[in-house]
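Heads up, the thing below is written out as structure tokens.
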There are 2 protein chains.
Amino acid sequence: MEFKSLTPYGEALKLASGLSIHGRSEYIPAAESSGLYCAEDVTSPHDFPEIDRSAVDGIALRFEDSLSASRSNPVTLTVIGQVRIGDDPEFSIDRGECAVVFTGSPIPTGANAVVMMEDAFIDGKIASIYKQVKKFQNISRSGEDLRAGDIIVRSGQRIMPWHIPAFIETGVEKVHVFRSELGILSTGTELVEGVVKNSSAPMLKALASNLGLRSVFYGNVADEKGEILSKINEMKSDIIIITGGSGPSSQDLVHDIIEENGKIVFHGVRMKPGRTTGLGIINGKPIFMISGLPVAALIAFENIIEPAIRSWFGMGSKVRRTKKGFLTRSIFNNENMRMFVRVRMFEEDGKMMIDPMRTTGSGVINSVISADGYLVIEENSEGYPEGAEVEIIEIGDCL
Amino acid sequence: MEFKSLTPYGEALKLASGLSIHGRSEYIPAAESSGLYCAEDVTSPHDFPEIDRSAVDGIALRFEDSLSASRSNPVTLTVIGQVRIGDDPEFSIDRGECAVVFTGSPIPTGANAVVMMEDAFIDGKIASIYKQVKKFQNISRSGEDLRAGDIIVRSGQRIMPWHIPAFIETGVEKVHVFRSELGILSTGTELVEGVVKNSSAPMLKALASNLGLRSVFYGNVADEKGEILSKINEMKSDIIIITGGSGPSSQDLVHDIIEENGKIVFHGVRMKPGRTTGLGIINGKPIFMISGLPVAALIAFENIIEPAIRSWFGMGSKVRRTKKGFLTRSIFNNENMRMFVRVRMFEEDGKMMIDPMRTTGSGVINSVISADGYLVIEENSEGYPEGAEVEIIEIGDCL
């Protein structure tokens, strides 16, 4: 009733990441793409700006006319027109002439600089210029921002709110994003009977959504081989997670179902929590087996499932914030397992202290909601003595 | 055509944050609350676990019976039953007796410890115990995880995926979250005529969504006082952002509309980009004025609007990652403005170098999409020489 052998964490991750898995992707409106991950480079379709534009409200002129200008001795020019944003000016600016422009206005032919409005004074058709400007000063030159073909967002990068103006300004209407469906199936007769609540499935949906994936919960199914298999066959998902039934005992059926209908990549990992994590394949589709206990499910998602998905689709690895501090007590690893120890942090005498939390089973939710981070102790490490300086991974308001 | 005076950034932020603004909040299903911000503390309705449960698959017994147990000299006990998860066991365990339990099973009366399945062997009605256990070993004791009234998520905290199991396990069905509506109105005849694209409004919607807020785009409206005012009166939003028309010139109408129908809190801020940022109030509703240029709009949102909203609703301040490095060139602040300078970072000879980007107008989108962060130069600072060590705020895959 035990695992014959456990796969070291690093090897499990390598086996998972090394699979060649095809995800789903689609083209969606660029304006609604924030938070999703690009499935191919998004490039600027043309130079931006397409034409020279004024970067300020002011007076477009030939810079040579401004060279002697000062507040005590202004240069006066003839105002021959005004160029509003979106206009296509038909006049051109000669020496001694100028035009009123606004931020974003096209620069009329002939003009090669703009004096800011606060450095000029307009009285009817006469503009007094108080300040000299250099060639092209206050002009956003065509193509200076982006050249046609320049990359706005790379494949695998997450689209952030500030990418959206770049899409819209350069005329990118649709972007190609990963939209694989993560299907979640929960096994356990106690879930079907309602004596135990399924708290892991909605957490997994939220985790998937933070990764820009679609997710569908396919329900709770009793610990019965035929029922589980027919549910798996029903699932249209690109990636499947099965919670519960992932252990090594005869009542844990998921391993056998996968073995009989596909193949096991690994099952049982030298990690704690998350020891019963496994991965198999049926009909080319990856099926993760994880514990139904929420803490074990969370650790398995963050440390096996998410890195594997990121690797399959060429998504960048997650940026994790780390912090250093000193252990309040010794912490041992006598099990030759990779330990994910939840910790609290506090400052004492100007030192950052790291306090490993005492927990029993991996279902202990308080250890997650009140932890500030976790300390990873590698398989081959015996742990750390009290006072040792360690680096922990911060948990926080950072997705 | 210039601002009479500009409000220092710190004062503008203080004026904005100090307002007393009422937001909208609602109760939503706990399972769907990830990413939103709590409007009140969420507490555990009762002790969790409610009863003593096994933390492992194993044998429930009286720990006293295990004291002499070893693999070479096992203790044998009579198996009097099995307790499945969700069962309500009717028997009790006396000395010499035991029961099979699973992770999450209630501990039958009389038992006070659990031996893990791998440390026992069952043959029919006889269990051989190979290992001694301490009192309450492998038992999750009632209330050990959370006591009734313990806080799961504090008011103002963002709900993360791992809070959801805590809600579900303790029976929290609904949570009270902030769901204010941010209404966005874009002014500019050039937008209405379609000669300029509105790239800021969809970015603002994405930024609002990352804050857990609802957002509605109320469209583009021409630079016409009556039209803008009637749109404002139509908006059902709790917070309004008006893009464009925020400047000091006579063509910039938003300031006057607010002054005539409400009051101005501040208008014009010593910051760059974002100088035309302002805030007013009509009928108790806050109305932010910001530039329609995307970079200025972004800087105004991140540095004025978002901190103000967080302060109004008691949401924690944003966790910003910072990094230190050395400037590749000098950067001056001769305008007595708070400067937000976009920078790139790279390593050279093991040193982190910070390279300020050269930009013209605040509409320059490349400076945002390819920046790694920004350097804030305070109003009263003259800037930094080449090689100076500075701390920058990282932009990245962190919401």
### A:Pro294 vs. criteria outside the structural domain of A:Ser209 (by TED's automatic domain parsing) and modelled with pLDDT under 95
no
### Hits in the stretch B:78-94 (condition: of a type outside the set (S, T, N, Q) and in contact with an Asp or Glu (Cβ under 6 Å, 6 or more places away or on another chain))
B:Ile80, B:Ile85, B:Gly86
### Query
Among the strands (runs of 3 or more DSSP E) confined wholly to the stretch B:272-343, which include 2 or more residues that are within 15 Å of B:Ile242 (Cα to Cα) and away from every other protein chain (no Cβ under 12 Å)?
B:278-282, B:285-290
### Selection count where residues are within 20 Å of A:Ser200 (Cα to Cα), surrounded by fewer than 20 Cβ atoms within 10 Å (Cβ to Cβ) and among the hydroxyl-bearing types (Ser, Thr, Tyr), scope the stretch B:8-51
1
### Query
Across the stretch B:62-97, what is the total count of residues that are loosely packed, with under 13 Cβ neighbours inside 10 Å and in contact (Cβ under 8 Å) with a residue 60 or more places away in the chain?
4
### Task
For the stretch A:168-194, enumerate the residues that are at the interface with another protein chain (Cβ under 8 Å from one of its Cβ atoms) and hydrophobic (A, V, I, L, M, F, W, C).
A:Ile168
### Task
Please work out if A:Ile107 is more than 11 Å from every other protein chain (Cβ to nearest Cβ), in contact with an Asp or Glu (Cβ under 9 Å, 6 or more places away or on another chain) and without any contact (Cβ under 8 Å) to a residue 60 or more places away in the chain.
yes
### Message
Of all residues being among the hydrophobic types (A, V, I, L, M, F, W, C) and at pLDDT 95 or above in the stretch A:102-115, which is surrounded by the fewest Cβ atoms within 10 Å (Cβ to Cβ)? Just the residue, please.
### Response
A:Ala113
### Task
Determine whether A:Ser246 is in the same structural domain as A:Glu193 (by TED's automatic domain parsing), modelled with pLDDT under 95 and either assigned to a strand (DSSP E or B) or buried (at least 21 other Cβ atoms within 10 Å of the Cβ) (or both).
yes
### Message
Here are the criteria: (1) facing another protein chain (nearest Cβ under 8 Å); (2) closer than 12 Å to A:Ser33 by Cα. Tell me which single one A:Asn198 does not satisfy.
### Response
(2)
### Message
Taking the conditions exactly as written (farther than 30 Å from A:Val177 by Cβ and in contact (Cβ under 8 Å) with a residue 40 or more places away in the chain), does A:Ala148 satisfy them or not?
### Response
no
## Note on the structure
By residue number, the members of the stretch A:126-150 that are within 30 Å of A:Leu213 (Cβ to Cβ) and at the interface with chain B (Cβ under 9 Å from one of its Cβ atoms) are A:Leu146, A:Asp150
### Message
So B:Pro286 ticks every box in (1) over 24 Å from the mean Cα position of the chain (by Cα); (2) surrounded by fewer than 24 Cβ atoms within 10 Å (Cβ to Cβ) but one. Which box is left unticked?
### Response
(1)
### Query
Within the bounds of the stretch B:217-230, is there any residue that is more than 10 Å from every other protein chain (Cβ to nearest Cβ) and in contact (Cβ under 8 Å) with a residue 60 or more places away in the chain?
no
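The values are calculated or read from the model by the stated rules, or taken from the named source; none is laboratory data. Source: prediction; values computed, not measured. Every residue, glycine among them, receives a Cβ derived from its backbone with ideal geometry; neighbour counts consider all protein chains shown.
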